[in-house]
Amino acid sequence: MKTVNLFILLFIIGISCNKAPMKSDESTIARGQLAAQLWTFRYDLEKDVPGTLKKIKALGIDYVEGFDAPYIVGNADQFKSQLDAAGLEMFALHWNELNDWRKDPARIIATAKKLGATYTGIAWLKITKQDTVTLDVVNEAADMLKKACPQAKAEGIQLYYHIHGYELQPIPNESTTFFDSFVERIDYNCVRLEADIFWVTYAGEDPVKFMEKYRDGVELLHIKNMASHVETGVFTGADFMPPDMPADNWVPLGKGKIDYRSVFEKGKQIGVKWYILEMDKYSGDVYAAVDSSLQYIRKEKLME
């Protein structure tokens, strides 16, 4: 009997030794959802909303993120019907008209609800090309969102802020950035963060280190890759609008210089819920570009 018990004990030990050790963060890994930002398809949407939404769905996409174009928010009930007909759900809505946030955030929140979104927030701080993104501008955005929090919570809407890179300017004579000031003024329970990996990189930051630094707030990512020739560094946003950049600055995932395997891995560790495919501009077939990114994600098993 003792010999049998010893054999069983040794067998159990052997199994234990051969079992791969569990990673410290394995139990908290978040898989997240894929979506597409409608801005990517804006030129087609301006001409044919139902047809464009159908083509987006055909890529294998179920969720989209909207923005405050007239054909989307001008008649939210109609656009929601068009989304339903295409089999798409709008989970989030960018609203970039800052005067609307100053004057009537309740209208923004109500429109987001009509569209079926559960998130709405600010994604751009410049009104004209000449505008300069200052610390005061960044702080005001934080304050506007924080002020709208009670209304949003009452309606079941999560507010969020999309980072475009100019927020990462260093504050003179300090070791902090404009964005650090932004974060100090908000409550993560009220305002979540959407990191655009292209623009964080463009501003000279390591996107994985950025995600780690603000891990308690980063819940959404914009994902597209950057061509190898693009120079990066401190970005002020002065005398600039994204259409000014050459279309070949953007490339699909797997074809640029940003390491998206590391981005997705960090996203799982910190609990990113949404990975949103976007091409700000593109010189070729934008549907093919999005499909290429989707194929790369599947091939590399980045969502698994």
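The values are calculated or read from the model by the stated rules, or taken from the named source; none is laboratory data. Bear in mind that the values here come from a model prediction, so they are computed numbers and not experimental data. Note that we place each Cβ from the backbone using ideal geometry, even for glycine, and neighbour counts take in every protein chain shown.
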- Message: Can you confirm whether residue 201 is closer than 28 Å to residue 250 by Cβ and more than 17 Å from the chain's Cα centre (by Cα)?
- Response: no
- Of the conditions (1) in contact with a helix residue (DSSP H, G or I) (Cβ under 8 Å, 6 or more places away or on another chain); (2) free of Cβ contacts under 8 Å to residues at least 60 places away in the same chain; (3) crowded, with 19+ Cβ neighbours inside 10 Å, the single one that residue 117 does not satisfy is (1)
- Item | Members of segment 74-98 found to be part of a helix (DSSP H, G or I) and either under 20 Å from the mean Cα position of the chain (by Cα) or farther than 10 Å from residue 115 by Cβ (or both), listed by number | 78, 81, 82, 84, 85, 86, 98
- Unmet requirement for residue 167, which otherwise passes all of (1) among the acidic types (Asp, Glu); (2) in contact with a Lys or Arg (Cβ under 9 Å, 6 or more places away or on another chain); (3) surrounded by 21 or more Cβ atoms within 10 Å (Cβ to Cβ): (2)
- Query: Going by the structure shown, is residue 101 over 19 Å from the mean Cα position of the chain (by Cα), under 21 Å from residue 128 (Cα atoms) and touching a residue at least 12 places away in the same chain (Cβ under 8 Å)?
  - Reply: yes
- Restricting segment 120-143 to residues that are surrounded by fewer than 15 Cβ atoms within 10 Å (Cβ to Cβ) and under 18 Å from residue 240 (Cα atoms), which is nearest to the chain's Cα centre (by Cα)? 127
- Task: Would you mind telling me which numbered condition in (1) closer than 22 Å to residue 176 by Cβ; (2) without any contact (Cβ under 8 Å) to a residue 60 or more places away in the chain; (3) surrounded by 21 or more Cβ atoms within 10 Å (Cβ to Cβ); (4) not hydrophobic (A, V, I, L, M, F, W, C) residue 209 fails?
- Result: (3)
- Query: Take the residues of segment 234-258 that are touching a residue at least 40 places away in the same chain (Cβ under 8 Å) and of a type in the set (Asp, Glu): which is nearest to residue 283 (Cα to Cα)?
  - Reply: 244
- Does residue 261 qualify as being within 16 Å of residue 197 (Cα to Cα), of a type in the set (D, E, K, R) and at pLDDT 95 or above? yes
- Query: Which one is surrounded by the most Cβ atoms within 10 Å (Cβ to Cβ), of the residues in segment 144-160 that are charged (D, E, K, R) and either within 16 Å of residue 95 (Cβ to Cβ) or modelled with pLDDT under 95 (or both)?
  - Reply: 146
- Of (1) modelled with pLDDT of 95 or more; (2) surrounded by 15 or more Cβ atoms within 10 Å (Cβ to Cβ); (3) at negative phi, residue 84 satisfies every one except (2)
